[in-house]
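Data first, discussion second: the structure below is written as structure tokens.
All of the numbers you see were taken from the coordinates with simple rules; none came from a lab. On a predicted model such as this, the values are computed, not experimentally measured, just so you know. Cβ sites come from the backbone with ideal geometry, for glycine too, and all protein chains shown count toward neighbours.
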């Protein structure tokens, strides 16, 4: 299994959780709001080990434009 970097993290959200989040937001919205879920993040390498514990992991290195960590909103956006 190939992984770009052992430090890389991604948010972990099931399809059911995402759908419930959208429905809750639709019920609460008045117009113009931005809803950001509190989603847990995990290291990609941990996900790989959980999915395929006996697989060898090959590190490829981070690709151009790829981020080590996702961000749902920036520090500037957090003020609003």
Given (1) within 20 Å of the chain's Cα centre (by Cα); (2) assigned to a helix (DSSP H, G or I), where does residue 38 come up short, assuming only one miss?
-> (2)
Within the stretch 8-35, residues in contact with a strand residue (DSSP E or B) (Cβ under 9 Å, 6 or more places away or on another chain) and part of a loop (DSSP other than H, G, I, E, B) come out as 8, 12
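Determine, yes or no, whether residue 5 is part of a loop (DSSP other than H, G, I, E, B) and either surrounded by 12 or more Cβ atoms within 10 Å (Cβ to Cβ) or out of contact with any helix residue (DSSP H, G or I) (no Cβ under 7 Å at 6 or more places or on another chain) (or both).
So residue 5 passes the test.
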For the stretch 35-56, which residues satisfy the criterion of being without any contact (Cβ under 8 Å) to a residue 24 or more places away in the chain and either over 13 Å from residue 8 (Cβ atoms) or in contact with a helix residue (DSSP H, G or I) (Cβ under 7 Å, 6 or more places away or on another chain) (or both)?
-> 35, 38, 49, 50, 51, 53, 54
Give the stretch 42-66 a look and list any residue that's exposed (fewer than 11 other Cβ atoms within 10 Å of the Cβ) and either within 13 Å of residue 4 (Cα to Cα) or touching a strand residue (DSSP E or B) at 6+ places or on another chain (Cβ under 8 Å) (or both), or say none.
-> 58, 60, 61, 63, 64, 65, 66
Could you count how many residues in the stretch 57-80 are closer than 17 Å to residue 9 by Cα and in a loop (DSSP other than H, G, I, E, B)?
-> 15
